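Only one structure is covered here, and it is reproduced in the block below.
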Amino acid sequence: MPDDAPAFPAQQQEPPGLTAPMDPAPDHGETSYRGSGRLAGLRALITGGDSGIGRAVAIAFAREGADVAIGYLPEEQQDAEETARWVRQAGREVVLLPGDLREEQVARDTVADAVARLGGLDVLVNNAGFQMARRSSIADVTTDDLDRVLKTNLYALFWVTQAALEHLGEGGSIVNVSSIQAYQPSTSLLDYASTKAAINNFTVNLAAEVGARGIRVNAVAPGPIWTPLQPATQPPEKIEAFGADTPLGRAGQPAEVAPAFVFLASPTDAGYVSGTVLGVTGGKPVF
Ligand code: NAD
Ligand code: MG
């Protein structure tokens, strides 16, 4: 690639997007993540664990000694199988749970199936999410847009979390996925950004409710990360400059976000950390 070529060539996919067509291929830590038993014996459900940040978290969790169930949309089967391959290669169990979490029964069944097949649940990562960039006016946001974004990012979050809390016990934890958009919202993501601010509020409030049960609730707020969500939901010209406006001057890779999830999920490393949001933003402020 010539020096002046953009790090990310203009490209576009239909949502939800797949990993294989992405140029360059994202780094999920396949060749770099080294585990040290920090999640030994834990059982985790990661929604949206097929690709992007969720895949990097699945790989890291497995190498830290956790068994992993992943939720994803049926059309993402090929990505889910690739994630599963890495979890098995780490010597851990993997459970594949295709289903559209915008359906309440599917959301509840996803948790029930994860619990049944993992033999319990210790960590929930609420990572599934959807955005669609559009022209900058609120007038462009349709009811169908709202249904897709709010049901995926908020309704499913409530349903999955309610179901998981029937099984999480002392030492268990929940890690939600916020965004830099909760702090520095883009006008093109008006609806999505508002769901991420809501997820921050949900995180601190739920932490207050379940703390007495010994359950911790935190969130990770990523900045611009190279995942299928980006080519599937941003205009191609935005992709060429993706991440250039951060203090570090570049987009992050999923592999660079996963360690934040490992930390927050670890009952020893983060045993007294609850109700907080950890930014992994390339330097953009999250306070
Ligand atoms: P991604 O496309 O790889 O992951 C999102 C996943 O959400 C999909 O793989 C899909 O399986 C799942 N999903 C979406 N709608 C669903 C539905 N209706 N039912 C079930 N699953 C559904 O992209 P990603 O960037 O890794 O996204 C993961 C999380 O990170 C999202 O919550 C996103 O909002 C958040 N995030 C991403 C960035 C970024 O720059 N990539 C920045 C901040 C926050
Ligand atoms: Mg995906």
Practice task
Within region 48-62, identify whether any single residue is in contact with a His (Cβ under 6 Å, 6 or more places away or on another chain), in contact (Cβ under 8 Å) with a residue 60 or more places away in the chain and not hydrophobic (A, V, I, L, M, F, W, C), and answer yes or no.
Solution key: yes
Handout entry: Among (1) hydroxyl-bearing (Ser, Thr, Tyr); (2) within 16 Å of ligand 2 (Cβ to nearest atom); (3) open to solvent by 20 Å² or more (accessible area, probe 1.4 Å), the one test that SER136 misses
Key = (2)
Exercise for the section: Test GLY52 against the criterion of being touching a Leu at 6+ places or on another chain (Cβ under 8 Å) and closer than 16 Å to LEU229 by Cβ, and give yes or no. Expected result: yes
Practice task
Quick one: which residue in LEU248, LEU229, LEU278, LEU264 is open to solvent by 20 Å² or more (accessible area, probe 1.4 Å), within 14 Å of the chain's Cα centre (by Cα) and more than 12 Å from ligand 1 (Cβ to nearest atom)?
Solution key: LEU278
Handout entry: Among (1) open to solvent by 10 Å² or more (accessible area, probe 1.4 Å); (2) in a helix (DSSP H, G or I) - the single one ASP79 does not satisfy
Key = (1)
Practice task
From the list ARG92, ARG34, ARG38, ARG88, pick out the single residue that is over 19 Å from the mean Cα position of the chain (by Cα), assigned to a helix (DSSP H, G or I) and more than 16 Å from ligand 1 (Cβ to nearest atom).
Solution key: ARG88
Exercise for the section: Among the candidates PHE158, PHE130, single out the residue that is within 16 Å of ligand 2 (Cβ to nearest atom) and under 18 Å from the mean Cα position of the chain (by Cα). Expected result: PHE130
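The values are calculated or read from the model by the stated rules, or taken from the named source; none is laboratory data. Here the structure is a predicted model, which means the values were calculated and not measured. Neighbour counts are summed over all protein chains in view; Cβ atoms, including those assigned to glycine, are modelled from backbone coordinates with ideal geometry. Calculation scope for accessible area: heavy atoms of the full protein, side chains included, ligands and nucleic acids excluded. Shrake-Rupley method; radii C 1.70, N 1.55, O 1.52, S 1.80 Å.
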